[in-house]
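A short worksheet on the structure shown next.
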Amino acid sequence: MKLFHSNFTRSFRALWALEEVGVAYELVTMPFPPRATTPSFKEENPLGTIPLLVDGATRMTESAAICQYLAERHPDAGLAVAPHDPRYGDYLNALHHGEATLTFPQAVYLRYSRFEPAERRLPQAAEDYRLFFRSRLRWLDGQLQRGAHAAGADFTIADISTRSLALPRLTILSG
């Protein structure tokens, strides 16, 4: 198994999931964005995006899907919730909440407040998206008030999906 990764990106989810399932893997850390910094990477992944997980003939580029793949392929790690479990709906919702709901406003905020050169920054747009991100954390906050983790009492890949985005950046976005 091989993971192509860049620091401070969504590939952190896949890296965290690999560590949690405890399988052997090769880590290839690339400068960001790999499609610009390492053009030959497009031979591995025509999109030029990371993460890229290679597991035999399986090639995956979606971070939440990689987490789900790893949890379901390695059930002994205890990171998935089975469909018959009453927590299954919360589990799936939280797993996809990280990518579908939290990532976009966070990315816009960070781009226009931190990553763009000073002359291209958009303070009002950044502030609007900071507030948008905060509002999208409400569902997760409600889940965490009900239990220690996104889908109840047990740590799952739903926590990796949501917390890999939310918790390290809350000080930036909640200020």
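Does A24 count as surrounded by fewer than 17 Cβ atoms within 10 Å (Cβ to Cβ) and of a type in the set (G, A, S)? So A24 fits the description; yes.
Each residue in the range 11-39 was checked for being of a type in the set (D, E) and part of a strand (DSSP E or B), and 1 pass.
Could you tell me whether A100 is closer than 30 Å to F133 by Cβ and at pLDDT below 95?
The answer is yes for A100.
Does P31 satisfy the condition of being more than 21 Å from R163 (Cα to Cα), touching a helix residue (DSSP H, G or I) at 6+ places or on another chain (Cβ under 8 Å) and either at pLDDT below 95 or of a type outside the set (S, T, N, Q) (or both)? The answer is yes for P31.
Residue count for the range 40-86 satisfying the condition of being of a type in the set (S, T, Y), crowded, with 16+ Cβ neighbours inside 10 Å and part of a helix (DSSP H, G or I): 2. Looking at A153, A166, just one residue is closer than 27 Å to M60 by Cα and modelled with pLDDT under 95, and that residue is A166. A count restricted to the range 94-105 and to residues that are over 14 Å from E62 (Cα atoms), surrounded by 15 or more Cβ atoms within 10 Å (Cβ to Cβ) and out of contact with any Phe, Trp or Tyr (no Cβ under 8 Å at 6 or more places or on another chain) stands at 1. Determine if the range 2-10 includes at least one residue that is in a helix (DSSP H, G or I) and open to solvent by 80 Å² or more (accessible area, probe 1.4 Å). Within the range 2-10, none of the residues are in a helix (DSSP H, G or I) and open to solvent by 80 Å² or more (accessible area, probe 1.4 Å).
The values are calculated or read from the model by the stated rules, or taken from the named source; none is laboratory data. As the structure is a computational prediction, the values presented were derived from the model and not from experiment. All Cβ positions, glycine included, derive from the backbone under ideal geometry; neighbour counts span all protein chains shown. These area figures cover heavy atoms from the full protein model, side chains too; ligands, DNA and RNA do not enter into them. Shrake-Rupley method; radii C 1.70, N 1.55, O 1.52, S 1.80 Å.
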